[in-house]
Amino acid sequence: MIGIFGGTFDPIHYGHLRTALDVMQAVGLEQIRFIPLHGPVHRNPPQASPGVRLQMVEAAISGQDGFVADDRELKRAGPSYTVDTLLDLREAFPDQTLCLLMGMDAFSGFPNWYKPDEILELAHLIVMRRPGEDQLSLASQNLLSKDQGPDISMVNQQSAGVILLQTVTQLDISSTRIRSMLSQGNLPRYLLPEAVLELVVEQELYKN
């Protein structure tokens, strides 16, 4: 099984990495592909360039077995629609089960994504829930009510369509906070890998 973790990663930090490892170990994924978005549909454009964000992802996951940097969305022009990425991955890995990782906030808006039904035909959803995080939109609650249960075994038994709520380590870290610290001249050490921080400092990223 392959996990797909998309994001701007602007910059990538320990909140991304620890939760991905939690899911990988809990669900038994062979790998997780970190896919930097080219043009996010539901948020502001990234501040760092595509090439630099890919560099940061590669530096962050270096040495972790099963973590893979995937640049397929950066090579594709236009908005980053998840369904297009999953179709591309399905063609590249026809014999693998795909699991799309997302946070609770993203899942709350999932019914309004582009072609959500088709996404569920292509992959399972692994919703990363931090302890005490339970608020969902009505539409996403309705999606969960149709699911066949939160048992991890269902992910192994079906090729797609299962929605699994997976509890992950609670780390109150965000890329927004890191960018804000850097814009004020403060180093966000211990919030992201040192190799990523070195790239940020070297290229003078996120300064006003």
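Work out the FRET efficiency for GLU121 and ASN44 from their Cβ-Cβ distance, taking R0 = 30 Å, and round it to the nearest 0.05.
Once rounded, the FRET efficiency stands at 0.50.
Can you give the convex hull volume of the alpha carbon atoms of region 1-116 per residue, in Å³?
107 Å³
Name the residues of region 188-208 whose amide N is less than 15 Å from a point 7 angstrom out from the Cα of LEU21 along the C-beta direction?
Flagged as within label range: 190-196.
Compute the angle between helix 50-61 and the longest alpha-carbon principal axis of the chain, please, reported from 0 to 90 degrees and rounded to the nearest 10.
80 degrees
Using just the alpha carbons, could you tell me how many Å³ per residue the convex hull of the chain encloses?
119 Å³
Run the simple label-point estimate for GLN64 and SER174 please: 7 Å along Cα→C-beta, distance reported in nm.
2.1 nm
At a Förster radius of 35 Å, what calculated FRET efficiency corresponds to the Cβ-Cβ distance of PHE93 and ARG130, to the nearest 0.05?
E between PHE93 and ARG130, to the nearest 0.05, is 0.75.
Suppose every K and R has +1 on its Cβ and every D and E has -1 on its Cβ; what is the size of the dipole of the chain about the Cα centre, in Debye to the nearest 20?
500 debye
Report the semi-axes of the equivalent ellipsoid for region 43-96 in whole Å, largest first, where each axis is √(5λ) for an eigenvalue λ of the Cα gyration tensor.
Ellipsoid half-lengths, sorted descending, are 20, 19, 8 Å.
Expressed as a rounded percentage, what relative contact order does the chain have, with Cα pairs under 8 Å and six or more residues apart?
Reported relative contact order: 25 percent.
No value in this document is a laboratory result; all are computed from the given coordinates. Values in this document were obtained by computation on a predicted structure and should not be read as measured data. Cβ sites come from the backbone with ideal geometry, for glycine too, and all protein chains shown count toward neighbours.
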